Amino acid sequence: MLDEALRLEDVYLSTNELSGTLFSVPSAVNYFENIKASESNEDLSLITGANLTLKLGETICIGGPSGKGKSAILRMIAGLARPLKGHIYYFGEYIPAERLTALEVAKRKVGYVLQNAALISNLRVVDNIALPLRYHKMGTDSEIIKKVNMAMDLMRVRNFANMFPHQLSVGMQKRVAIARSWAMDPKLLLMDEPTAGLDNYNRRNLLPLIDNMRTMFKTSIIIVTHDLTIAKELDCNLVFLHEKKLTQPHPFDYWLRSDSEISKDQFRDLQGISPESIPQENTPSI
């Protein structure tokens, strides 16, 4: 569909499929062996029939218990793991599992921001951001510099351009990682726990910058997070990975008021608190 950024249809994923690297292409033999292994050992399955639709310019958060496969979903969407079954559509285009690699997905302008930022330690901020642009030869030197400067301005890290990662706070490292991904002009951005490890000050500063990507550039965003109030502050829908499937998407307030098993578990500390008393960020554009 032309108004869709991503669609997952009845997707299954096994732990066997999580060992891929950025450039690895598992052989057909291993691929079908993994299918057999998954069928014979139910404990290997992480996802059993997940469905999700993300509209163009939409942000959605994925929550759920630790260690159940939330980050694995991002890895699969990014082409770092292959589904055992099901279909994944990127902007209306289906990529068969045998062709689902990180490079194929990247061609569709899908960016992936890891939880630990994954910056190159011996490169300055400006060179970290420029690295993938130079590697993929995405423009002349002057065009790359312009893209890097725009990305640094978007994430407000221009003043740190000549610093090394170890000189930055965790919050600033995450901003640089997002800037590096945004410089590649992603139409779909995958973010794994962007607020993990941040204090309240850095968290409050980061969320409006993320929202600017949606409001200014119509970037579609998927955020895996334990920080469920992000969904309220970004005014986006929240889905949960529950019993190896993804729930239907609903706003934060729906889940807060729900008496479902998911809400009782995930919103235990917030149940009984009125939605109006939960802070909601003002997220003005730059």
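The values are calculated or read from the model by the stated rules, or taken from the named source; none is laboratory data. All of these numbers come straight from a predicted model, not from anything done at the bench. Cβ coordinates were reconstructed from backbone atoms using ideal geometry, including for glycine residues, and neighbour counts include every protein chain displayed.
What the table below lists for this structure:
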| item | result |
| --- | --- |
| Filter result (surrounded by fewer than 20 Cβ atoms within 10 Å (Cβ to Cβ) and either within 17 Å of the chain's Cα centre (by Cα) or free of Cβ contacts under 8 Å to residues at least 24 places away in the same chain (or both)) within region 138-170 | 139, 140, 141, 142, 143, 144, 145, 146, 149, 158, 159, 167 |
| Residue ID - nearest to the chain's Cα centre (by Cα), chosen from residues in region 80-137 that are β-branched (Val, Ile, Thr) and not in a helix (DSSP H, G or I) | 113 |
| Near pairs, Cβ below 6 angstrom, 6+ apart or cross-chain, from region 82-96 (modelled with pLDDT of 95 or more) to any residue that is among the basic types (Lys, Arg) and outside any loop (DSSP other than H, G, I, E, B) | 89/7 |
| Members of region 138-157 that are within 19 Å of residue 113 (Cβ to Cβ), in a helix (DSSP H, G or I) and charged (D, E, K, R) | 147, 153 |
| Subset of region 187-205 (residues that are closer than 21 Å to residue 54 by Cβ and either touching a helix residue (DSSP H, G or I) at 6+ places or on another chain (Cβ under 7 Å) or crowded, with 22+ Cβ neighbours inside 10 Å (or both)) | 188, 189, 190, 191, 192, 194, 195 |
| Which listed residue is hydrophobic (A, V, I, L, M, F, W, C) and in contact with a strand residue (DSSP E or B) (Cβ under 8 Å, 6 or more places away or on another chain), from 161, 183, 177, 151 | 177 |
| Hits in region 67-123 - residues which are charged (D, E, K, R), surrounded by 18 or more Cβ atoms within 10 Å (Cβ to Cβ) and over 26 Å from residue 138 (Cβ atoms) | 70, 82 |
| Given (1) out of contact with any Leu (no Cβ under 8 Å at 6 or more places or on another chain); (2) β-branched (Val, Ile, Thr); (3) at pLDDT below 95, index of the condition residue 120 fails | (1) |
| Test for residue 210: is it touching a strand residue (DSSP E or B) at 6+ places or on another chain (Cβ under 8 Å) and in the same structural domain as residue 254 (by TED's automatic domain parsing) | no |
| Pair list, Cβ < 6 Å and 6+ apart or interchain, from region 53-70 residues that are more than 22 Å from residue 209 (Cβ to Cβ) to residues that are in a loop (DSSP other than H, G, I, E, B) | 70/64 |
